[in-house]
Amino acid sequence: MSAGAPTTSFDVVLYEKELKGSAEKKLEEITDQRLSKELKVQSFLAYGKTADEIVRIAEKEKADLIVISTHGETGFRHLIFGSVAEKVVRHAQCPVLTIRASHK
C-alpha cells in the first residue's frame, strides 16, 4: 500500500457544460429583465479576447449596431488591460454606441 494524497475524480467536460448552461441562463435573465421587448436583441456566450469576440460575432451576425459600456479605466489598469470599448470602436465594421457606466 502506498502513501500519498487522496485522489478524486473530476469530470471536466461535465463541469464545463454546467458552467456554460449556468452562464447562458444568467445572460438570458439579464436580457429579459433589462431590455425592452420592442428591441430585437441577440445575446451570445463566447470565449476568447473580449473585444475580438465582440467584433467577430458582430461581423458574423451582420449586426446593425453594437452597444457597449465604458468603465473609464485610467492609468496603469488602462495601460495593462487597454479598453475593450476602444478596441471594438476601432475594429468593428458596424456603428458602435458607447455608454459611460455610472459610478456608484
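The values are calculated or read from the model by the stated rules, or taken from the named source; none is laboratory data. Values in this document were obtained by computation on a predicted structure and should not be read as measured data. All Cβ positions, even for glycine, are placed from backbone atoms using ideal geometry, and neighbour counts span all protein chains on display.
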Checked the stretch 48-79 for anything in a helix (DSSP H, G or I) and modelled with pLDDT under 85; matches are Gly75, Phe76, Arg77, His78, Leu79
Within the stretch 51-73, residues being exposed (fewer than 14 other Cβ atoms within 10 Å of the Cβ) and either touching a Leu at 6+ places or on another chain (Cβ under 7 Å) or among the hydroxyl-bearing types (Ser, Thr, Tyr) (or both) number 3
Of the residues in the stretch 21-36 that are over 22 Å from Tyr47 (Cα atoms) and polar (S, T, N, Q), the one that is modelled with the highest pLDDT is Gln33
Quiz item: Taking the condition closer than 22 Å to Cys94 by Cβ and modelled with pLDDT under 80, does Leu45 pass?
Solution: no
Taking the stretch 1-48 and keeping residues surrounded by fewer than 10 Cβ atoms within 10 Å (Cβ to Cβ) and either aromatic (Phe, Trp, Tyr) or touching a Phe, Trp or Tyr at 6+ places or on another chain (Cβ under 7 Å) (or both) leaves Phe10, Tyr47
